[in-house]
Structures are given as C-alpha cells and as structure tokens.
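Read the structure below first, then the notes.
Computed from the coordinates by the stated procedures, all read-outs in this text should not be read as laboratory data. Note that this is a predicted model, so its numbers are computed, not measured. Neighbour counts are summed over all protein chains in view; Cβ atoms, including those assigned to glycine, are modelled from backbone coordinates with ideal geometry.
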Amino acid sequence: MRFVRKLILLGHLAMFGSLAGASTGFSWSVVVFAFSLDQNFDSTEAIISLSAPTIVSIVVWKITRIYLWITALVSYLTLLLPLFGLGLGGATMPSMTIAGAVGGLWWTVPIILYYLASGLRYKKDDAFFRKAGKKC
C-alpha cells in the first residue's frame with residue numbers, strides 16, 4: 001500500500017511529462033505545416049523546426065517549476081521517437097498531439113521510477129515525493 005501511495009504522489013511528473021509531449025507534438029506539427037505550405041521542406045526549415053521543443057520546454061518549465069533538464073529531455077526524446085516517425089508518414093496535427101502526449105508519458109516513466117526507487121530506498125517522507133522533480 002505504501003508503494004502505491006508513493007507512486008500516486010509522483011503523478012504530477014506523469015501529468016507534466018504528458019503536457020510537455022503533447023505541446024511538443026502540437027507545436028512541431030504546426031511549425032512543419034507552416035513551413036511546408038510551398039510543398040518544399042528544406043534543411044533550413046528543418047533546423048528551425050527543431051526550436052519548437054526548446055520553446056515548449058522553457059514554457060513548461062516556467063509554468064510547472066519542473067526542472068528544465070527534465071522538460072527538455074522529455075520534449076526532445078518525444079520529438080525523436082514518436083513524432084519524427086509520424087511526421088515522415090504525414091500524420092495530422094491531432095494525431096501528432098496525441099502521440100506527443102503518449103511519448104511524453106513514456107519518456108517520463110524512467111524519471112518517475114528513479115524518484116520512486118530513491119525515495120523508497122532512503123525512506124523519504126511524502127513531502128519528498130510531492131516535490132520530486134520540482135525546483136523549490
């Protein structure tokens with residue numbers, strides 16, 4: 001029972017990871033759509049579109065106070081694995097947003113497991129789990 005309670009207290013990381021992933025999926029698909037209106041998506045436009053996860057990471061960091069390295073890691077890994085593959089297939093904006101949310105949750109799981117294991121190993125109290133990943 002203690003394990004489940006501690007896991008529930010880490011739910012804010014899962015929620016904010018999904019938020020970062022969904023925002024990355026939506027913003028990246030909007031940028032790619034805007035740049036490909038002329039039916040030509042060249043390397044300069046591709047490099048500029050890589051700034052979308054950086055902007056999303058900074059916004060999520062400012063709003064949620066989760067460490068910047070966590071939000072940046074989740075945003076860029078979400079862009080790398082599910083979103084880039086879907087983008088090559090020509091996915092729509094809603095499907096990119098949903099895939100971003102799922103990818104953000106997927107890439108947040110190792111961070112949640114790290115905080116869970118370290119908190120259980122060192123017998124931390126509930127306040128540790130509520131503040132996990134947050135800059136105080």
Quick calc, the chain, dipole around Cα centre from Cβ unit charges on Lys, Arg (+) and Asp, Glu (-), nearest 20 debye, gives 1200
Taking trypsin sites (Lys or Arg not before Pro) as exposed when in a DSSP loop with at most 11 other Cβ atoms inside 10 Å, the chain has its longest clean stretch at 1-122
In nanometres, the difference between 0.36 nm per residue of separation and the alpha-carbon distance of F3 and L80 is 24.5 nm
In the stretch 41-91, the chymotrypsin sites (Phe, Trp or Tyr not before Pro) that sit in a DSSP loop and have at most 16 other Cβ atoms within 10 Å of their own Cβ are F41, Y67
